[in-house]
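To keep things clear, I will list the structure first and then write my remarks on it.
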Amino acid sequence: MPQGIISLLIFLLLAGGCASVEKHPVVEVSRSIPPKRQLPTYPSNPTEESSLNYMLGYQAELEGRWDEALRYYRAAARSDPSSVFLKVQVASTLLKTGKVKEATELAEETVEKFPEYLPALKLLGQLYNGQKKKAEAAGIYRKIISLDPTDTDAYLFLGVILASDGKFDEAVDILNKLLSIKPDSIMALYYIGSIYLDLKDYGKAEDYFQKALEVREDFDAAYLNIGMIKEREGDEEDAIKYYKKALQYNPHNLQARERLSRIYIKEEKIPEAIGELESLSEQVPKNLEIYKRLGLLYLQEREYEKAVTEFRMVLEGKPDDKSTLYYLALSLEMLKRYDEAIEELKKLLSLDPKNLNALLHLAFLYGAEERYEESVKTYEEILSIDSKADYYVYMAQDYLKIKETEKAEETLLKGLEKFPENDELHFNLAVVYEKKGLFDEMVRELKKTIQINPEHPDALNYLGYSYAERGVNLEEALDLIKKALSLKPESGYIIDSLGWVYYKLGRYDKALESLEKAVRFVDNDPVIYDHLGDIYLKLGKTDEAMKAYRKALRFHEKEEGIKEKLEEKIKNLSGD
């Protein structure tokens, strides 16, 4: 180290804490402030060795080499055991190196020997405060104030400690004394405002925060708290203004951005909420809650790809977060990425095997992928947890898709044992009986469905169409289908049924009108085109009939057994 720096540091040391008589800086205060007490001086016997070690410790401290600094300061204190300054320097460095207990013991020992030495008292107050020893810390700061009534930090620390201990009146009194010494103390104004905010005295709280803003216009914490007051008073428009002001001066005020996003969500201003949460996620990249909330907003806005990205970010940090697994699966489901959605639901169910929402979505996804056996097994699990009529219906429908008609019937009958007046169970049982060729049983169940729910459009249509197919009860069939159509006026299938009844009644023009309308609603159903072909043929429009049959044949896979019938009709018309 250059000799000039060594000489300068030794001079400063001798002129300061290690001089034979301790010096104190001069503090300029107004005439109204009580004068500082005349404090005792503390002798010191610096040696060349103690001065050199202090200087080396100071240099190490400046360079952040704390362990070396501590070693040098301790050596300096051993060479000059009478220096209270060096004792405090050692204790302070112990604190900086994380040796809190040792620092506290040394500070306590120093204060006991030198009870009016302000640097030792301030360090001990800091140590007590950091260890949440509120009573001890408050006692130290009161003593500092008694020794030096101009020490503004002591008032501030004491006020904050009292407030944190629920002693609000004392805290306000102490902080107001600080303001009498330093009227522009922004922290005193802020903490008094915060106390009144905790006390729900919003008027006084806002007054103090506004005074803080008069001192410093860019004090974003004051804008934040006034925004919170406005929000609690129900004035969300003003709250937004103050939160935006806080963000204007400090774009990194995360609490203001967080609260602003919540108001936007409440007011359903989703794009604005997304904007705030995106800023939060950039500033706090490890805040998983922000990613989750952002993902939910994207899900609500149907931006499913973005939702997937946010939920995956959450799961990187919390792979067992059940609600996030569910929302991720739901987003993937909406994107029709069914295999991925199934995998996420399986992860969720490994953590929560009885999660009904997850099981229901899993059953749906299996059905969407035509994995009906797995869907059925999933409904078995669902019914072991909760019994609802809908679950029996869905399970029976899956059995029908794999041609397990007997099991479908058995499932629906079990459901009816528990829910005998459920219209959907009776309706689906009618469908099963129709597939089994049990006409009377089908009619019985359809009539029961309509008895329970006279406005069940599918049951009304099914019964009317079934009568038309058999050529029986045609006027009743017409009434049934007209009522069904009044309930679902844009159903191409019910319009087809109406046309077919007219056909059976020999009212071919009305039949044609209905069927031509039906194909405008459903243009890929083989039965509807087959009916249309039959009507054209009945009206002598052979070419149109041929076109209708050929179009029906394109979709034959949707109706079992229709292919052969259509091929026969086409063959007969073509004369082959």
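Would you please name the residue that is surrounded by the most Cβ atoms within 10 Å (Cβ to Cβ), looking only at residues in the range 537-576 that are outside any helix (DSSP H, G or I) and in contact with a helix residue (DSSP H, G or I) (Cβ under 8 Å, 6 or more places away or on another chain)?
Selected residue: 555.
Does residue 446 satisfy being closer than 28 Å to residue 413 by Cα, surrounded by 21 or more Cβ atoms within 10 Å (Cβ to Cβ), at pLDDT 95 or above and not small (Gly, Ala, Ser)?
yes
Which residue, of 509, 496, 479, is closer than 22 Å to residue 541 by Cβ and surrounded by fewer than 23 Cβ atoms within 10 Å (Cβ to Cβ)?
From the options 509, 496, 479, the qualifying one is 509.
Could you list, in sequence order, the residues of the range 389-417 that are basic (Lys, Arg) and at pLDDT 95 or above?
407, 414
Show the residue pairs that are 6+ apart or on different chains and have beta-carbon atoms under 9 Å apart, the first residue being within the range 413-432 and closer than 12 Å to residue 388 by Cα, the second being among the β-branched types (Val, Ile, Thr) and assigned to a helix (DSSP H, G or I).
Sorted first by the residue in the range 413-432, then by its partner, the pairs are 415/393; 422/393; 422/452; 424/393; 424/449; 425/393; 425/449.
Can you pull out the residues in the range 58-72 that are touching a residue at least 24 places away in the same chain (Cβ under 8 Å), exposed (fewer than 14 other Cβ atoms within 10 Å of the Cβ) and among the aliphatic types (A, V, I, L, M)?
None - no residue of the range 58-72 is touching a residue at least 24 places away in the same chain (Cβ under 8 Å), exposed (fewer than 14 other Cβ atoms within 10 Å of the Cβ) and among the aliphatic types (A, V, I, L, M), so the list stays empty.
Identify all residues within the range 449-461 that are under 15 Å from residue 393 (Cβ atoms) and not hydrophobic (A, V, I, L, M, F, W, C); write none if there are none.
Matches in the range 449-461: 449, 453, 456, 458.
In the range 90-105, what residues are within 16 Å of residue 57 (Cα to Cα) and either touching a Pro at 6+ places or on another chain (Cβ under 9 Å) or not polar (S, T, N, Q) (or both)?
Result: 90, 91, 92, 94, 95, 96.
Residues 394, 462, 467: which one is assigned to a helix (DSSP H, G or I), over 30 Å from residue 501 (Cα atoms) and among the aromatic types (Phe, Trp, Tyr)?
394
Could you list, in sequence order, all residues of the range 173-191 that are assigned to a helix (DSSP H, G or I) and in contact (Cβ under 8 Å) with a residue 24 or more places away in the chain?
Answer for the range 173-191, where residues must be assigned to a helix (DSSP H, G or I) and in contact (Cβ under 8 Å) with a residue 24 or more places away in the chain: 178, 180, 181, 186, 187, 188, 189, 190, 191.
Which of the helices (runs of 4 or more DSSP H) found entirely inside the range 46-156 contain at least 1 residues meeting this: of a type in the set (Phe, Trp, Tyr) and out of contact with any helix residue (DSSP H, G or I) (no Cβ under 6 Å at 6 or more places or on another chain)?
48-62, 84-96
Just give me the residues in the range 470-518 being under 54 Å from the mean Cα position of the chain (by Cα), small (Gly, Ala, Ser) and in a helix (DSSP H, G or I), in sequence order.
Within the range 470-518, 477, 484, 486, 492, 497, 499, 514, 518 qualify.
Which members of the range 76-108 meet the condition of being modelled with pLDDT of 90 or more, within 21 Å of residue 50 (Cα to Cα) and surrounded by fewer than 18 Cβ atoms within 10 Å (Cβ to Cβ)?
78 - this is the single residue of the range 76-108 that is modelled with pLDDT of 90 or more, within 21 Å of residue 50 (Cα to Cα) and surrounded by fewer than 18 Cβ atoms within 10 Å (Cβ to Cβ).
Does residue 229 satisfy the condition of being in contact with a Phe, Trp or Tyr (Cβ under 9 Å, 6 or more places away or on another chain), part of a helix (DSSP H, G or I) and more than 30 Å from residue 278 (Cα to Cα)?
Here the answer is no, as residue 229 does not meet what is asked.
Being in a helix (DSSP H, G or I), out of contact with any Phe, Trp or Tyr (no Cβ under 9 Å at 6 or more places or on another chain) and either touching a residue at least 60 places away in the same chain (Cβ under 8 Å) or not acidic (Asp, Glu) (or both) is the filter here, so list the residues in the range 200-217 that pass it.
210, 211, 215
Within the bounds of the range 351-366, is there any residue that is surrounded by fewer than 17 Cβ atoms within 10 Å (Cβ to Cβ), among the charged types (D, E, K, R) and part of a helix (DSSP H, G or I)?
No, there is no match, as no residue in the range 351-366 is surrounded by fewer than 17 Cβ atoms within 10 Å (Cβ to Cβ), among the charged types (D, E, K, R) and part of a helix (DSSP H, G or I).
The values are calculated or read from the model by the stated rules, or taken from the named source; none is laboratory data. These numbers were taken from a predicted model, which means no experiment stands behind them. Positions of Cβ are generated from backbone atoms using ideal geometry, with glycine treated the same way; all protein chains shown enter the neighbour counts.
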